[in-house]
1. Looking at the stretch B:56-68, I want the residues that are within 8 Å of chain A (Cβ to nearest Cβ) and have a partner that is charged (D, E, K, R) with Cβ atoms under 8 Å, at least 6 apart or on another chain. Which pairs are those?
2. Looking at residue A:187, is it of a type in the set (A, V, I, L, M), within 11 Å of chain B (Cβ to nearest Cβ) and touching a residue at least 60 places away in the same chain (Cβ under 8 Å)?
3. Looking only at the stretch A:103-130, count every residue that is in a helix (DSSP H, G or I) and surrounded by fewer than 19 Cβ atoms within 10 Å (Cβ to Cβ) and tell me the total.
4. Does residue B:80 meet the test of being at the interface with chain A (Cβ under 8 Å from one of its Cβ atoms) and within 13 Å of the chain's Cα centre (by Cα)?
5. Name the residues in the stretch A:137-156 that are outside any helix (DSSP H, G or I), loosely packed, with under 13 Cβ neighbours inside 10 Å and not hydroxyl-bearing (Ser, Thr, Tyr), would you?
6. Taking the stretch A:192-249 only, how many residues are part of a helix (DSSP H, G or I), over 18 Å from the mean Cα position of the chain (by Cα) and of a type in the set (A, V, I, L, M, F, W, C)?
7. Inside the stretch A:208-248, can you point out the residues that are closer than 15 Å to residue A:86 by Cα, aliphatic (A, V, I, L, M) and within 12 Å of chain B (Cβ to nearest Cβ)?
8. So which residues in the stretch A:12-31 are in a loop (DSSP other than H, G, I, E, B) and surrounded by 14 or more Cβ atoms within 10 Å (Cβ to Cβ), if there are any at all?
Amino acid sequence: MADEAGGLVIDPMHQFQIHPLFGEGPLMWYTPTNQTLWLGIAVVVISLLMLIGSAPRQVIPGRTQSITELLYSFIHDMVEEVTGHEGAKFFPYLMVLFTFIVTSNLLGLLPGSFAPTSHIAVTAVLAVMVFFTVTLVGFYKKGIGFLGMFWVSSAPLVLRPILALIELISYFVRPLSHSIRLGGNIMAGHAVIKVFAGFAGVMGIASVVPIAAIAAIYGLELLVAVVQAYVFTILTCVYLRDAVGEAHH
Amino acid sequence: MTGDLIQFALMGKYIGAGLATIGLGGAGIGVGTIAGNFLSGALRNPSAAPGQMANLFVGIAFAEALGIFSFLIALLLMFAV
């Protein structure tokens with residue numbers, strides 16, 4: 001890329017490369033890489049937040065306990081409202097999803113760090129897990145009646161086979177869109193920041209303008225980090241409601 | 001001869017990346033439509049607005065996702081092909 005047409009050489013994709021932490025050996029499945037490091041840091045941060053926050057068990061919470069309680073009640077209310085009373089038993093899974101994704105996204109915004117959720121590998125695993133969970137829970141709870149979800153009974157009879165086919169296709173596209181939404185948002189945000197940084201590097205005295213743009217986009221990225229985690233979780237809640245909830249469409 | 005072909009492929013790559021970003025206009029329109037409808041509804045019935053915030057964010061995410069898909073194609077064409 002650096003030896004092509006001259007001028008500005010901006011490579012925003014270099015920040016997404018995975019390289020081993022120790023030495024330059026081949027990437028086996030057990031090699032500690034920068035991605036495993038930041039995934040581990042996310043897990044440690046969440047664990048510390050939850051453990052330290054719930055250690056003082058006061059009825060009227062202090063400041064640290066309030067943080068954990070607010071996070072807990074935020075996800076709990078959302079799960080109960082969207083998934084219904086039956087789906088509230090999936091709350092631990094959804095809590096893990098939300099806190100993991102929001103912590104990974106926010107940690108990826110620290111300067112010099114690596115965003116684990118910018119890789120389709122990480123987000124695809126999360127989305128495929130959600131897909132299998134929803135499908136298996138649907139079949140477990142409703143048996144073959146789960147396929148009634150694709151049979152739109154509020155449409156004319158002639159249209160139902162075509163609609164069933166369209167619903168089936170859109171059901172299988174769900175993990176694809178679910179994973180690409182999260183991964184694409186985070187990757188696109190980081191790449192845009194890097195492109196503006198490339199501009200700022202070559203503009204000399206006028207580099208104040210790209211740096212102000214970077215600050216603005218950084219604020220947007222903070223919002224996107226939280227909103228994308230929230231959207232991932234609430235879409236999982238909606239899919240679970242379809243699988244667990246009412247028998248009519 | 002092969003140098004010319006490589007230059008043509010590069011030109012196609014860059015033009016394709018530029019064309020792919022046209023899809024982001026649709027994302028802007030979609031998100032603006034949803035947010036505008038939410039605002040007009042919330043200004044008519046402010047007490048019912050907080051109950052629909054979840055639907056607002058879900059709608060915005062769906063509309064934005066398709067725009068991000070096209071931006072992803074543009075980035076992939078520029079830097080990963």
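Derivation of every value follows stated rules applied to the coordinates shown; laboratory data play no part. No experiment lies behind these values; they were computed from the predicted model shown. Backbone-built Cβ (ideal geometry, glycine too); neighbour counts: all protein chains shown.
1. Every condition considered, the pairs that remain are B:61/A:181; B:64/A:181; B:65/A:181; B:68/A:181.
2. So residue A:187 passes the test.
3. 7
4. Judged against the criteria, residue B:80 is not a match.
5. A:156 - this is the single residue of the stretch A:137-156 that is outside any helix (DSSP H, G or I), loosely packed, with under 13 Cβ neighbours inside 10 Å and not hydroxyl-bearing (Ser, Thr, Tyr).
6. 21
7. A:238
8. A:12, A:13, A:18, A:31
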